[in-house]
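This report concerns only the one structure given below.
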Amino acid sequence: WLRVLQPGALRGAMTTQDGLDPELAVPIEVKHACCAKCARGLPETTKLDGKREIKVLPCFHYICGPCLKGELESSADGLSCPTCSCRHEKKLLHDYLPHFEVHSMADRQDLALRDYMCDECVAARCAEVYCEQCTMHLCGACAKQHSRSKATSRHTLVSQIVQDKPAEEDHTMHRVMFCAVHRTSRLQLYCEDCNVLICYECATEVHQHHTYKLPTASLVKRLRQQVEGILQMLSGQLAQAQERQSGMQKACDLVEQATARVRSEVESTFDQLSCAVEGRCAELSQQLSDGCGAWRAEISDERALCSTALVDIWRTIDFLEKVESRGTDVEVMLLKGHIFKHQDQVKQLQQWRELAHRELSRPWSPGCLSAGWSSQGETDKVQQKVECAGCLLYLTGQLEQTSEQSHSMQNLCTALQGGEVT
């Protein structure tokens, strides 16, 4: 079962008279659907003495009867709440406050299943009638005895079938309260010295010298007013707590918004740095291409001339070797008479000689081309700027980007774009 407390759900709570705008109230979910110890749903908890017992600890956490019984048996000096770990005084099991609402829900379910036991007899017979004055469920035999007794002969006995109408979903069932010490005695007296309900046997024993009386209408009215006063006080505190929670929620939202904004600014700032680095890299790459292009073209032209000369020389040598080795005397004499007699042949031989002894216009060595920082000082300077670039200041609860951060990043980007980094 879940209950949601909305503005005005409690008497006097979260109203405009308390100074709280209902629009600012934050809904609170109050969950009591399971035991704090075994985590079983309250309708599925194990029955104790034929009924489902749900107890309320002093810290207002809920625990089923079997789990509470086990905790009390295993604990020597006190009881620890399974939910909040608060230590409580060890008492008898039925001295702990019952969860009346959950008991009513569970009892209605048992009545619907015809599985509710008689509150009077020890034979554990199924209850058949309900006494509205005694708030007791009675079996047939106990109902007859109830009607014959002088003290209860005028009580109204209602059949379980009539009392458990399907349409009456909001009908509240009440259990008869028995003494935690004397389990067969009902709580019928109120001790004003101890502010507790007691039975007649307790009145003759522990509370013998105390002031106690029957719970008259005036006494019940006075105690109800006291409970209502406590409820009003707690309702006011709840309203203040919800107002505080609403303010904290707004503060959290503002912090999230400021964090998202500053994170975007940080990313944008370092995007500028990244763009500056990429721009400088592209500029140096273009300078490298422009500077080495002419050099590479000159070397390529000389390589092409050399390749052409090699082919011509190889072809000439091949022809001369074949004539010299396999030619006749006449062929050798003819060749000798034509070789290097023409001006073009002499000029070509001269070009081959010059090409073989020509030096490169730009001598190449492995160390004549390099890249990097222009100096160690420049390296330290840029790295220091990157490591110290940007900072965060918390001003009036908001995240702000400082002017030093902006100037630092701008100077670094300007240095990269202006050519300080070579």
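Please give the FRET efficiency for residue 38 paired with residue 124, using the beta carbon to beta carbon distance and R0 = 22 Å, rounded to the nearest 0.05.
Working: r = 24 Å, r/R0 = 1.11.
So, using R0 = 22 Å, E works out to roughly 0.35.
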- [ ] Pop out the carbon and sulfur fraction of the accessible area of segment 137-284 as a percent, whole number, probe 1.4 Å.
- [x] 56
TODO: Just tell me which lysines come within less than 25 Å, Cα to Cα, of residue 144; anything on the same chain fewer than 8 places away is out.
DONE: 51, 165
- [ ] Work out from phi, with θ = phi - 60° and the Karplus expression 6.51 cos²θ - 1.76 cosθ + 1.60, the ³J(HN,Hα) of each residue of segment 262-270, listed in order in whole Hz, and give x for Gly and Pro.
- [x] 5, 4, 5, 5, 4, 4, 5, 5, 6
Open item on the list: Test of the criteria: in segment 303-343, which trypsin sites (Lys or Arg not before Pro) are in a DSSP loop and have at most 15 other Cβ atoms within 10 angstrom of their Cβ?
Closed with: 341
Task: Around residue 57: net Lys/Arg minus Asp/Glu count, Cβ-Cβ under 15 Å - done: +2
Task: Estimated FRET transfer efficiency (residue 322, residue 352; beta-carbon r; R0 25 Å; 0.05) - done: 0.80
TODO: Would you mind pulling out the separation of the Cα centroids of segment 73-134 and segment 282-310, in Å?
DONE: 99
TODO: At 1.4 Å probe size, with every protein chain present, just tell me what the per residue accessible area of segment 179-269 comes to in Å².
DONE: 68
Open item on the list: Using a Förster radius of 51 Å, what is the FRET efficiency between residue 263 and residue 205 based on their Cβ-Cβ separation? Nearest 0.05, please.
Closed with: 0.10
Task: Neighbour-limited loop hits for trypsin sites (Lys or Arg not before Pro), segment 39-136 (at most 14 other Cβ within 10 Å; DSSP other than H, G, I, E, B) - done: 90, 91, 114
Task: Cα-projected label distance for residue 376 with residue 296, points at 7 Å along beta-carbon direction, nm - done: 3.4
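The values are calculated or read from the model by the stated rules, or taken from the named source; none is laboratory data. Please read all numbers here as calculations on a predicted model, not as lab measurements. Cβ atoms come from the backbone with ideal geometry, glycine included; neighbour counts cover every protein chain shown. Surface accessibility is based on the protein's heavy atoms, side chains included, excluding ligands, DNA and RNA. Shrake-Rupley method; radii C 1.70, N 1.55, O 1.52, S 1.80 Å.
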